[in-house]
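Shown next, in structure tokens, is the structure this report addresses.
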Amino acid sequence: MKIFSDIGRYLILLKNVFQIPENPKLYRKKILFELRVLCLDSLPIIAVISIFVGAAIAIQLAANLSNPIYPRWITGFSAREGIMLEFAPTMINLVLAGKIGSHIASEIGTMRITEQIDALDVMGVNSASYLILPKIIACVAFSPIVIVVSIFLALLGGWVAGVTTGVITSYDYIDGLQLDYTNKSLIISLVKGLVYSFIIASVSAFRGYTVSGGALEVGRASTKAVVESCITLIVANLIITNLLL
């Protein structure tokens, strides 16, 4: 029954979060701050993961599809579809759930146990909206950039690895990337990224906002935030894939 109680508290918290801000100018400053702290600082790890995983995907596909009955472009084509539909939106956001999710939960959780949130409430500030809404907006707004950068770097890493190791020629790889390309895969990837970003930011903020106790509970809340974000993300991935494909 606790799961239903948590879902109810989560929905009530979201209702408080999405209320009209008291001071929109102050919110704009916080959104810019969260963009830098949560999003821009995550680009280096996203870039490293995308390049090396893209390279590994290309090499493995080339090795597994090295059969005379398969066309030479199939490696590039398969890499493009796999990276765009699953790796860039899903796997990258699973990584971000660990980095961003734990950061949000620990930050808000620390404010809760040090009574900073209570002080905001006493002053008449909607603490849920003030603390959580900028984080959600920043994560969702930055999501398309993360997805596009990840796709580009992963495909680039696959091209470099494939050509340098000799498992596929540059012409065949690029030919596969261009074959039957439509924007449908990119749109699905962007939709997934938007949903996942909202899940990560809101679930992590919920765990931090509702924590009680001391420093030990904040650590536990951070762990719960990451685990629950990942599980919810995987379930959402199945639902979105089934609906859009």
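Quick notes
- Across all Cα atoms of the chain, the radius of gyration (one decimal) and Dmax (whole number) stand at 20.8, 72 Å.
- Principal axis extents of the Cα atoms in segment 54-96, from largest to smallest and rounded to whole angstrom, are 39, 15, 10.
- The chain: angle of helix 184-209 to the longest principal axis, Cα-based, in degrees nearest 10: 30 degrees
- Distance between the pseudo-spin-label points of ILE187 and GLN116 (7 Å out from Cα toward the beta carbon): 4.2 nm.
- The phi-based Karplus calculation (6.51 cos²θ - 1.76 cosθ + 1.60; θ = phi - 60°) puts the 3J(HN,Hα) values of segment 2-10 at 5, 5, 6, 5, 5, 4, x, 5, 5 Hz, whole numbers, x for Gly and Pro.
- Extension gain (nm, one decimal) between ALA47 and THR169, 0.36 nm per residue minus Cα-Cα: 41.5 nm
- Members of LYS15/LYS224; LYS25/LYS192; LYS99/LYS184; LYS135/LYS192; LYS192/LYS224; LYS25/LYS99 lying beyond 25 Å, as alpha-carbon distances in this model show: LYS25/LYS192; LYS99/LYS184; LYS25/LYS99
- When shorter helices are ignored and each DSSP H run of at least 4 residues is given -39500 (n - 2.57), the per-residue value for the chain at 222 nm works out to -25500 deg cm²/dmol.
- The equivalent ellipsoid that matches the C-alpha gyration tensor of segment 185-242 spans semi-axes of 28, 10, 7 angstrom, in descending order.
- Whole-angstrom gap from segment 37-56 to segment 10-29, using each part's C-alpha centre: 30 Å
- Equivalent ellipsoid semi-axes - Cα gyration tensor, segment 65-158, angstrom: 44, 12, 8
- Ranking ILE174, ILE59, SER197 by how far each Cα lies toward the positive end of the dipole of the chain (charges on Cβ) leaves SER197 at the top.
- Rough spin-label spacing in nm, given labels placed 7 Å along Cα→Cβ, for THR210 and ASN242: 2.5 nm
- Radius of gyration and maximum dimension Dmax of segment 88-138, Cα, Å: 13.5, 43
- Computed about the Cα centre, the dipole magnitude for segment 19-137 is approximately 400 debye when only Lys and Arg (+1) and Asp and Glu (-1) carry charge, each at its Cβ.
Where a number appears in this text, it was derived from the coordinates with a stated rule and is not lab data. Keep in mind the model is a prediction, meaning the values are calculated, not measured. All Cβ positions, glycine included, derive from the backbone under ideal geometry; neighbour counts span all protein chains shown.
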